[in-house]
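*Asks:* Encoded as structure tokens, here's the structure I'll be asking about.
All of the numbers you see were taken from the coordinates with simple rules; none came from a lab. Worth saying up front: this structure is predicted, and the values here are computed from it rather than measured. As a convention, Cβ positions derive from the backbone with ideal geometry for all residues, glycine included, and neighbour counts pool all protein chains shown.
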Amino acid sequence: MSDTILYKYGAQDGHEGSLYLNITNRCTNRCTFCIRNNPDGVGGGTDLWLTHEPSVSEIKAALLREKPGGYKEVVFCGYGEPLMRFDDVMAICLWLKENYKDILIRINTNGHANLIIGYDVTPKMAGLVDVISISLNASTAAAYDKICLSDYGEDGFYGMLDFAARAAKYVPEVVLSVVDLLPADEIEACRKIAQKAGCRFRVRDYTQ
Ligand code: SF4
């Protein structure tokens, strides 16, 4: 069976919904709730484990087969952390913007891109990325690391928040999100952190 580089989600009322790109298995976290802990992938339906990382050309070919112009957005999401491949993601964003100017581009990320690449990459996203959704996950560095088991330890939390604040200067919408499994007081503490960082806050459904 071939790898699932691309899958569709959210079609309704005659709209095609979103195209999701799955481009790597790698991540700098090992979150306790990650779908990578579930061998069946998304909700038990789609096996997202990649036998190899698709090249930029393979990803473009997969998009072309789906005629992306009919979709409202393309989302970099997937099994692992898409910004492990920051330059490849930006190359695909540029190609999409040049060929499908109305399509929205969203990146779902753990917010570690600057830690991964080693410098502030957020200016490179200007004009290419419309929405960044970052997993905040917890209100303190210690709680974050307990949930996310980051390669960077507690610095993963501070690096993620710094990335969010910097990205907000170049990307129209930056969202910090938590899953709805957290206690109410922890969710409120996270909401305040998002406000302070100048980002939108979202409590997302764990099952989606
Ligand atoms: S950051 Fe995302 S991909 Fe990485 S381990 Fe956590 S949930 Fe999984």
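*Asks:* Defining a contact as two alpha carbons under 8 Å apart and six or more residues distant in sequence, what relative contact order in percent does the range 55-109 show? Walk me through the numbers on the way to the answer.
*Replies:* Details: 45 pairs, mean separation 26.9, N = 55.
Value for the range 55-109: 49 percent.
*Asks:* Another question, if that's okay. Between 0 and 90 degrees, rounded to the nearest ten: what's the tilt of helix 155-167 against the longest Cα principal axis of the chain?
*Replies:* On a 0 to 90 degree scale, this one is about 60.
*Asks:* Where does the chain land at 222 nm, in deg cm²/dmol rounded to the nearest 500, when only DSSP H runs of n ≥ 4 count, each adding -39500 (n - 2.57), divided by all residues?
*Replies:* Theoretical 222 nm ellipticity from helices: -9000 deg cm²/dmol.
*Asks:* I'd like the orientation of helix 184-196 relative to the chain: the angle between its Cα long axis and the longest Cα principal axis, in ° from 0 to 90, rounded to 10.
*Replies:* For 184-196 against the chain, the angle is about 70 degrees.
*Asks:* Could I ask something else about it? So what is the relative contact order of the range 6-204, in percent, for Cα pairs below 8 Å that sit 6 or more residues apart? Walk me through the intermediate numbers first.
*Replies:* Working: 360 pairs, mean separation 37.2, N = 199.
This gives 19 percent for the range 6-204.
*Asks:* Round to the nearest 10 and give me the degree value, 0 to 90, for the angle of helix 56-66's Cα axis relative to the longest principal axis of the chain.
*Replies:* 70
*Asks:* Debye sum, Cα scatterers, the range 6-204, no solvent: what log₁₀ I/I(0) at q = 0.12 1/Å?
*Replies:* For the range 6-204, the Cα-only Debye profile gives -0.59.
*Asks:* Then there's this: Tally the DSSP beta bridges in the chain and give the antiparallel ones as a percent, rounded to 5.
*Replies:* Details: 6 of 28 bridges.
Close to 20 percent.
*Asks:* Provide Asp47, Asp88 in ascending order of the number of other Cβ atoms located within 10 Å of each residue's Cβ, fewest first.
*Replies:* If I rank by nearby Cβ atoms, fewest first, I get Asp47, Asp88.
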